[in-house]
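Shown next, in structure tokens, is the structure this report addresses.
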Amino acid sequence: MSKSQKITLAVMALFVCALSLGIFYEGVDLYRDWSQKPLGPALNSTPWELPATWTVEPNSLSETRAPLPTIGYETETPMPPFYSCADLPTMMLLGIGSDARSDEYKYGRSDVIRAIRVDFQTQRVTVLAFPRDLWVKIPEVRDNLGTNQQKLNTAYFFGNPGLHYWDHPSEGPGLLARTLDRNFGLDVDHYLAVSMNVFVDVVDALGGLDITLEEEIDGRYSYDQSERLYFPAGENHLSGEQALTLARNRKGSVFNRVDYQNLVICTLQKKLKSPDVIPKIPTMISSFQENVQTDLTPLQISQLACLGTQMPISNIVFSSFPRNTFRSGNIYDPIAEQEVFIWQADFDEMKAFVEKFEEGTWPTISPSSSSSSEEPESGTSSCE
């Protein structure tokens, strides 16, 4: 090779390197822009405005509460694409499971309502269950319904598009988040709403779940003796539909239902950490299309996934309000035009627990067993 050829080759190599670096950094910028954009409307994408019909009762929050914030992940200084999941601010996530049995999350009621406190620094996730049958005040709906008092789980339904009760871009999740804020003082940063079909599809994509029950769970009723409602003690291999049936079973106590849901979630979380899941990821991703609603960014999702791979499973803590906080009762529902079952509670007492939950001072990690009692009682458990 002549000297001139060597010089030409060297110049071309430098040009290729420079071009490659340019493409790389341009790709990083494009990735950064994409990764920090919410996948759905943020809770504060437009200001919260109280309707003229909103009234405050002694046990509800002041109207001067600040708008619900979103967590400060997006800063003036862009984060690198592969950001560590350590030393991030605590995130408060609203988890919603919709009972809509179609291929879309929309129009169902929120069958599952969870406040999820994600502490990246201590690598701890704490989940607080809100009973769906609490009788609450829902903003924005009085003009259309003639009342703003309904069960908590209807806030998600009333907020979804098509009904036009709530025109905020965050739709059902936004109205549910605001309802929780107004009644219990819960400040939500982000939301994740999932239809029941997603759960079924994901479990099936994983090949089912193996769940061990210490005691049999008999969810059969006099009007429904189907064997699908019966789960024997011992090892049970459940399909997605069977796992959903177990999670929705509330025979004996509505609070037992929370325990069953926690058991199924823990089992699913353990299986998702298995190396066998990797080839099944494309099938699971397809299940999420049109079935998930969230304002998380791809970057935040990757940070949550990062935390999930590093956090001890015992650091996932499930809790509910002390069950003696609630009293069963009935109330006339002017929309349904009949008496309906509700849980009555001292909202000021619940707000005090929510404040401690947000601070991370409650609940403490302590094992407890599930109870089949009809009476509400406190309980905290982990996935360990």
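The values are calculated or read from the model by the stated rules, or taken from the named source; none is laboratory data. Keep in mind that what you see is a predicted model, and the values were worked out from it rather than measured. All Cβ positions, even for glycine, are placed from backbone atoms using ideal geometry, and neighbour counts span all protein chains on display.
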Could you tell me whether the range 289-296 includes any residue that is at pLDDT below 80 and in contact with an Asp or Glu (Cβ under 7 Å, 6 or more places away or on another chain)?
yes
I'd like the full set of residues that are touching a helix residue (DSSP H, G or I) at 6+ places or on another chain (Cβ under 8 Å) and surrounded by fewer than 21 Cβ atoms within 10 Å (Cβ to Cβ), limited to the range 149-164.
Pro161, Leu163, His164
For Gly146: the one exception among (1) surrounded by 23 or more Cβ atoms within 10 Å (Cβ to Cβ); (2) out of contact with any Lys or Arg (no Cβ under 9 Å at 6 or more places or on another chain); (3) of a type in the set (Gly, Ala, Ser)
(1)
May I ask you to list the residues in the range 306-340 that are among the aliphatic types (A, V, I, L, M), closer than 25 Å to Pro363 by Cβ and either modelled with pLDDT of 85 or more or crowded, with 17+ Cβ neighbours inside 10 Å (or both)?
Leu307, Met311, Ile316, Val317
So, in the range 232-244, exactly how many residues are buried (at least 17 other Cβ atoms within 10 Å of the Cβ), under 25 Å from Arg323 (Cβ atoms) and out of contact with any helix residue (DSSP H, G or I) (no Cβ under 6 Å at 6 or more places or on another chain)?
0
Scan the range 147-160 and tell me whether some residue there is in contact (Cβ under 8 Å) with a residue 24 or more places away in the chain and over 23 Å from Gln338 (Cβ atoms).
yes
How do the pairs read when you match residues in the range 333-346 that are under 21 Å from Phe321 (Cβ atoms) with residues anywhere that are of a type in the set (S, T, N, Q) and surrounded by 15 or more Cβ atoms within 10 Å (Cβ to Cβ), using Cβ under 6 Å and keeping only pairs 6 or more apart or on different chains?
Ala345/Thr325
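Quick check: anything in the range 153-169 assigned to a loop (DSSP other than H, G, I, E, B) and aromatic (Phe, Trp, Tyr)? So that I can check it myself, show each step before the final result.
Step one: of the range 153-169, the residues assigned to a loop (DSSP other than H, G, I, E, B) are 153, 160-169.
Still in the running and aromatic (Phe, Trp, Tyr): 165-166.
Checked against the condition, which is being assigned to a loop (DSSP other than H, G, I, E, B) and aromatic (Phe, Trp, Tyr), the range 153-169 yields at least one hit.
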Output the residues belonging to the range 165-183 that are hydrophobic (A, V, I, L, M, F, W, C) and out of contact with any helix residue (DSSP H, G or I) (no Cβ under 7 Å at 6 or more places or on another chain).
Ala177, Leu180
If you check every pair at least six apart or on different chains, which have Cβ atoms under 8 Å apart with a residue in the range 179-204 that is surrounded by fewer than 22 Cβ atoms within 10 Å (Cβ to Cβ) first and a residue that is assigned to a helix (DSSP H, G or I) and among the basic types (Lys, Arg) second?
Gly185/Lys351
